[in-house]
Amino acid sequence: MRAGDISRSVRDGDWELLEWDPQLGRTTWVMFDGERTIVRHDYQVDKTLERNAEMRSHATDGWKGDWHHVASVPLNLLHDENVGLHKAFQQGDDKHIARFLNDSDNAAWRTKGGRL
């Protein structure tokens with residue numbers, strides 16, 4: 001079975017699987033709510049979370065030096081307009097990025113402990 005050749009029989013509640021892209025780790029789901037069709041994209045992030053945890057466990061304490069890898073976030077999160085990370089990067093808004101990464105809800109994206 002090739003990506004995109006998914007039969008419409010795969011369901012997640014009211015959602016029907018429209019497409020699966022193994023290279024992107026993305027599944028696309030559709031649902032008709034009676035008035036409109038809604039599309040949902042799900043991304044596999046398990047590998048990113050595992051890699052982040054591994055890097056965090058080996059990260060050195062302290063902030064000496066010029067450069068520290070502090071986080072890895074999936075591209076769909078980076079470009080999510082509700083999160084605003086990409087816009088913050090473009091505008092050099094380090095405070096917004098630090099607020100996001102210091103929030104305990106986003107700790108899984110961190111690759112180094114401490115506060116930014």
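Taken together, the values in this text are just the output of simple stated rules run on the coordinates, not laboratory data. The structure displayed is predicted, hence computed values, not measured ones. Positions of Cβ are backbone-derived with ideal geometry, glycine not excepted, and every protein chain shown enters the neighbour counts.
Is it true that some residue in the stretch 40-51 is under 30 Å from TRP15 (Cβ atoms) and part of a loop (DSSP other than H, G, I, E, B)?
The answer is yes, given that some residue of the stretch 40-51 is under 30 Å from TRP15 (Cβ atoms) and part of a loop (DSSP other than H, G, I, E, B).
Does the stretch 59-116 hold any residues that are touching a strand residue (DSSP E or B) at 6+ places or on another chain (Cβ under 9 Å) and on the phi > 0 side of the Ramachandran plot, and which are they?
Selection gives nothing.
Exactly one condition in (1) of a type in the set (A, V, I, L, M, F, W, C); (2) farther than 25 Å from ASP94 by Cα; (3) in a loop (DSSP other than H, G, I, E, B) is false for VAL30; which is it?
Of everything listed in (1) of a type in the set (A, V, I, L, M, F, W, C); (2) farther than 25 Å from ASP94 by Cα; (3) in a loop (DSSP other than H, G, I, E, B), VAL30 misses just condition (3).
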